[in-house]
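A short write-up of the structure that comes next.
The values are calculated or read from the model by the stated rules, or taken from the named source; none is laboratory data. Just so you know, these numbers come straight off a predicted model, no measurement behind them. In this analysis, Cβ positions are derived from the backbone assuming ideal geometry, glycine residues included, and neighbour counts consider all displayed protein chains.
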């Protein structure tokens with residue numbers, strides 16, 4: 001049984017999510033201890049338990065330690081079963097992070113799967129739905145993986161209540177990736193949304209982002225929408241498509257935060273990316289390395305920032321799967337990542 005210290009590196013929930021995915025995919029049981037040890041509330045929180053229980057169900061796993069506050073978990077998977085699943089986090093916990101955990105084992109199942117996930121869709125410390133449905137899914141398609149995601153209702157903090165649908169087609173293999181130069185910018189699009197609030201707030205977010213980008217010669221097309229939801233909330237998402245890749249940037253509203261600031265935050269993130277030369281934004285770099293580790297070949301990509309999340313995720317992958325990787329660049333700065341993946345040992 002593999003042993004994982006959940007406090008190493010970034011020390012957060014991503015260690016658990018990556019471990020659960022690879023455990024199910026490769027049929028390798030593991031024990032993780034010191035889960036979220038340095039956090040204000042250590043151990044498993046409801047959003048982490050939703051991942052544990054979802055992966056337990058699809059893999060028929062035996063589990064010990066799956067309770068709120070537990071700092072140790074033993075997970076022993078059986079065989080992943082594709083199919084139709086509904087998972088309700090029950091809080092504003094992130095549906096997109098739950099999706100990230102479920103995708104790898106289901107992608108390599110022999111049949112299609114359909115997921116309905118309920119919870120938060122645009123909440124702090126996680127990718128908003130529009131990032132996952134456009135940027136992340138576009139990159140998976142580039143690797144030969146097909147998923148389609150749709151949103152039925154939006155879920156903001158603290159009430160949640162959002163609902164997304166994901167259709168997953170099985171993949172026989174994953175293509176390696178070479179993304180060194182971004183190429184010219186083709187277009188910038190976006191969505192500025194409000195839930196149960198005046199549309200004028202979304203328009204102010206849109207206008208603030210547009211104004212800032214136009215000052216740098218960029219002309220985005222941003223749609224203002226009313227987002228059907230249970231509670232209240234606002235968000236803006238900006239997508240930048242270049243010749244060779246796509247990147248995404250977002251900001252969330254909150255009580256006391258001006259709409260103009262929400263729009264400007266996303267625009268500043270986009271401009272930081274635009275002024276650099278790297279292909280992948282830092283969030284996409286974190287998320288894609290698991291798939292590149294399973295490809296048959298060597299992948300190269302440049303990233304806007306070498307983050308602790310990225311480094312930690314690579315270390316977790318290395319525990320489960322024999323890969324070789326290299327990182328050129330300092331933490332917090334642009335860099336290049338090389339991954340020599342290994343395939344052919346995926347459990348069927």
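Rundown of residues vs (1) touching a residue at least 12 places away in the same chain (Cβ under 8 Å); (2) closer than 21 Å to residue 103 by Cβ; (3) touching a strand residue (DSSP E or B) at 6+ places or on another chain (Cβ under 6 Å), yes/no style:
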position	(1), (2), (3)
124	yes, no, no
127	yes, yes, no
164	yes, yes, yes
176	yes, yes, yes
191	yes, no, yes
198	no, no, no
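Can you tell which of 272, 296, 286 is surrounded by fewer than 19 Cβ atoms within 10 Å (Cβ to Cβ) and modelled with pLDDT under 95? It is 296. Considering only region 149-170, I want to know if a residue exists there that is closer than 21 Å to residue 281 by Cβ and crowded, with 22+ Cβ neighbours inside 10 Å. Checking region 149-170: not a single residue is closer than 21 Å to residue 281 by Cβ and crowded, with 22+ Cβ neighbours inside 10 Å. If only residues of region 14-36 that are in contact with a strand residue (DSSP E or B) (Cβ under 9 Å, 6 or more places away or on another chain) and in a loop (DSSP other than H, G, I, E, B) are counted, the one that is surrounded by the most Cβ atoms within 10 Å (Cβ to Cβ) is 35. When you go through 95, 91 one by one, which is the residue that is surrounded by 16 or more Cβ atoms within 10 Å (Cβ to Cβ), under 27 Å from residue 252 (Cα atoms) and modelled with pLDDT of 95 or more? So the residue among 95, 91 that is surrounded by 16 or more Cβ atoms within 10 Å (Cβ to Cβ), under 27 Å from residue 252 (Cα atoms) and modelled with pLDDT of 95 or more is 95. Mind checking whether some residue in region 201-210 is under 28 Å from residue 288 (Cα atoms) and buried (at least 16 other Cβ atoms within 10 Å of the Cβ)? Yes, there is a match, as at least one residue in region 201-210 is under 28 Å from residue 288 (Cα atoms) and buried (at least 16 other Cβ atoms within 10 Å of the Cβ).
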